[in-house]
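What follows is a single structure, written as structure tokens, with notes after it.
The values are calculated or read from the model by the stated rules, or taken from the named source; none is laboratory data. Just so you know, these numbers come straight off a predicted model, no measurement behind them. So basically every Cβ, Gly included, is an ideal-geometry build from the backbone, and we count neighbours across all protein chains shown. Quick note on the areas: whole protein, heavy atoms, side chains included, nothing else; ligands and nucleic acids left out. Shrake-Rupley method; radii C 1.70, N 1.55, O 1.52, S 1.80 Å.
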Amino acid sequence: MISTDISKAADLLKAGEVIGLPTETVYGLAGNIFNETAIRKIFSVKQRPFYNPLIVHLAGIDRLDQVAKGIPGIAIKLAEKFWPGPLTLLLQKQTAVPDLVTAGKTTVAIRVPDHSMALALLKSIDFPLAAPSANPFGCISPTTAKHVDDYFGKEIPMVLDGGPCRNGVESTIIGFNDGEAILYRHGAIPMEEIEKITGKLKVYVKEENAPDAPGMLSKHYSPRTPTILTDNIQQVLKEHAGKKMALLLFNKKRNEYDPALQWVLSPGSRLEEAASNLYAMLHTLDELKVDLIICEKMKEEGLGITMNDRLVRASVESLI
Ligand code: TXA
Ligand code: MG
């Protein structure tokens, strides 16, 4: 059921249920971090392996001590600058945070979402919410209540409808090593913005087969339709002539192909607008049942880096 009833959502969460939660990035699949049944349900509904830890959502920075300890000074600076907002910090966990939530890790991923409904809900309960993106493992993340309802409507009692997500891509994840900030996942805050506070960021590199941050698994965020990412659309169109193809483009349609099969992410050439439309358009293109989705590579700066990161994973079995 899709609903805007925040107090009903709170009651369901208090009863150990799992609900669809709107945030400014993507919708989450949320449950009480202290309720084992709820946390197990998140993993099973999402078909997510237990080695993949969940993000904990707080009502405000003042609740940070409930879940984290030994917080580096630089983390506090980042939290003060970007919370509420699409920044997730990996911090030493308090013993009270269940191992199931952190997949046995000693660190816990934490953020304060910048969404009025999510914040109102979090303030009305006395426990944090664990919430991974509300998509089946490996699939495109949801940016509307309907996306969540289409994925999980039969398995969860409610999707709280907070409208389309403003940012449209997941939070940026930052971890720390000896007080030094490390980028774990490109996200809605461009790394350049974070570097204004941290200085040049190291980018976390996953060891072969280490299931450390599966948002980093190669195949992820994927449409069911074969997808290609390219900076040479014309060439790819030629190579696949005869197939039914849909184009996902940055700022304008192309003359050499059927305009009815072309989608433009940002007519005004703004990366923020393009990012906010990215998943919704991928969902739409996937429903067309075409033979191939062809995505235009974004420029490698700011949110363009985040979008290319997601599109590479969406297209991983194709040649780029
Ligand atoms: O914007 C977002 O971050 C959304 C909304 C709902 O808040 N959530 C989200 O959650 O994207 P999820 O579970 O789809 O992605 C979280 C990523 C996963 O790749 C997970 O492996 C990683 O964060 N992660 C969580 N805890 C971690 C930890 N302690 N160390 C390393 N990676 C961690
Ligand atoms: Mg996810």
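Evaluating G302 against the criteria (1) on the phi > 0 side of the Ramachandran plot; (2) in contact with a Gly (Cβ under 6 Å, 6 or more places away or on another chain) leaves one unmet condition, (2).
Please tell me if V205 is more than 10 Å from ligand 1 (Cβ to nearest atom) and open to solvent by 40 Å² or more (accessible area, probe 1.4 Å). Taking the combined requirement at face value, the residue satisfies it. Scanning the range 39-55 for residues that are surrounded by fewer than 23 Cβ atoms within 10 Å (Cβ to Cβ) and either touching a helix residue (DSSP H, G or I) at 6+ places or on another chain (Cβ under 7 Å) or over 21 Å from I173 (Cα atoms) (or both) returns I39, R40, K41, S44, V45, Q47, F50, N52. For V264, are the conditions met, namely being closer than 22 Å to V26 by Cβ, among the hydrophobic types (A, V, I, L, M, F, W, C) and modelled with pLDDT of 95 or more? So V264 fits the description; yes.
Taking the residues in the range 148-164 that are open to solvent by less than 60 Å² (accessible area, probe 1.4 Å) and among the acidic types (D, E) as candidates, determine which candidate is farthest from V18 (Cα to Cα).
Of everything passing the filter in the range 148-164, D161 is farthest from V18 (Cα to Cα).
Of all positions in the range 300-310, at least one carries a residue that is basic (K, R) and assigned to a helix (DSSP H, G or I). Identify the single condition in (1) buried (at least 19 other Cβ atoms within 10 Å of the Cβ); (2) over 16 Å from the mean Cα position of the chain (by Cα); (3) under 22 Å from T37 (Cα atoms); (4) not small (G, A, S) that D126 does not satisfy, given that it satisfies every other one. Result: D126 fails condition (1) only.
Here L21, L78, L58, L13 are screened, and the one residue that is within 16 Å of ligand 2 (Cβ to nearest atom) and surrounded by 17 or more Cβ atoms within 10 Å (Cβ to Cβ) is L21.
To keep it simple, each residue is scored yes or no on (1) away from ligand 1 (no atom under 12 Å from the Cβ); (2) among the acidic types (D, E); (3) within 27 Å of L201 (Cα to Cα).
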| position | (1), (2), (3) |
| --- | --- |
| E24 | no, yes, yes |
| L58 | no, no, yes |
| D62 | yes, yes, yes |
| L87 | no, no, yes |
| V97 | no, no, no |
| V112 | no, no, yes |
| K123 | yes, no, no |
| F127 | yes, no, no |
| P132 | no, no, yes |
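For the range 17-135, the strands (runs of 3 or more DSSP E) that sit wholly inside it and include 1 or more residues that are charged (D, E, K, R) are 87-93, 107-111.
For I140, the conditions (1) β-branched (V, I, T); (2) open to solvent by 10 Å² or more (accessible area, probe 1.4 Å); (3) within 13 Å of ligand 1 (Cβ to nearest atom) all hold with the exception of (2). Candidates T95, T88: the one that is of a type in the set (S, T, Y) and either within 16 Å of ligand 2 (Cβ to nearest atom) or at pLDDT below 95 (or both) is T88.
Taken over the range 171-185, the criterion of being in contact with a helix residue (DSSP H, G or I) (Cβ under 7 Å, 6 or more places away or on another chain) and within 13 Å of ligand 2 (Cβ to nearest atom) is satisfied by R185 alone.
When P53, P49 are screened for being more than 20 Å from I189 (Cβ to Cβ) and either among the aromatic types (F, W, Y) or in contact with a Ser or Thr (Cβ under 7 Å, 6 or more places away or on another chain) (or both), only P53 passes. Given (1) more than 16 Å from ligand 2 (Cβ to nearest atom); (2) within 22 Å of I197 (Cβ to Cβ), identify the lone condition not met by A109. So A109 meets the others, but not (1).
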